[in-house]
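Shown next, in C-alpha cells, is the structure this report addresses.
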Amino acid sequence: MMFLPNIPFISSPAISCIDYSNKVSFCVVTKSEVLANEFDTDYESAIAFGKATVITDDSEKKEILLSVLNKFSADYLKAGKH
C-alpha cells in the first residue's frame with residue numbers, strides 16, 4: 001500500500017489519469033554509482049506495481065493513515081496525534 005495525501009501536486013491531472021487507468025508503478029533507486037570508465041552505472045532498485053484507488057471519504061482516509069502509522073511508527077503514534 002502506498003498512501004499519497006491530498007496535497008496540491010496530486011490534483012485533477014493525476015486524478016484524471018487514475019480515472020482513465022488505475023494501473024500504477026513506483027520505483028526506488030538507491031546506492032547509485034557512476035562507473036565512468038565503463039560507461040555504466042551500478043545501482044540497486046525496486047519496482048512495485050499495483051492499482052490506485054482515490055479515497056474521498058475523510059474517515060476512511062484517517063483510518064488508512066492510522067493503519068500506516070501503526071505499522072511503521074507505532075511508538076510515536078500518540079505524539080503524532082497532537
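General observations
- Counting only residues that are assigned to a strand (DSSP E or B) and of a type in the set (A, V, I, L, M, F, W, C), segment 45-82 holds 4 of them.
- In segment 1-21, residue modelled with the highest pLDDT [restricted to those that are surrounded by 10 or more Cβ atoms within 10 Å (Cβ to Cβ), within 14 Å of the chain's Cα centre (by Cα) and in a loop (DSSP other than H, G, I, E, B)]: LEU4
- Matching option when the condition is touching a helix residue (DSSP H, G or I) at 6+ places or on another chain (Cβ under 9 Å), at negative phi and at pLDDT 85 or above, among SER59, SER73, SER67: SER73
- Answer from ALA79, ALA52, ALA46, ALA74 - the residue that is in contact with a Cys (Cβ under 9 Å, 6 or more places away or on another chain) and surrounded by fewer than 10 Cβ atoms within 10 Å (Cβ to Cβ): ALA46
- Residues located in segment 23-39, provided they are of a type in the set (Asp, Glu) and out of contact with any strand residue (DSSP E or B) (no Cβ under 9 Å at 6 or more places or on another chain): GLU38
- Assessment of segment 26-35 against the conditions (surrounded by 10 or more Cβ atoms within 10 Å (Cβ to Cβ), at pLDDT 85 or above and among the small types (Gly, Ala, Ser)) yields at least one matching residue.
- Restricting attention to segment 39-68, the residues being closer than 29 Å to ALA79 by Cβ and in contact with a Leu (Cβ under 8 Å, 6 or more places away or on another chain) number 1.
- Note on segment 47-63: residues that are in contact (Cβ under 8 Å) with a residue 12 or more places away in the chain and under 20 Å from LYS23 (Cα atoms) amount to 8.
The values are calculated or read from the model by the stated rules, or taken from the named source; none is laboratory data. Here the structure is a predicted model, which means the values were calculated and not measured. We place every Cβ from the backbone using ideal geometry, glycine too, and count neighbours over all the protein chains shown.
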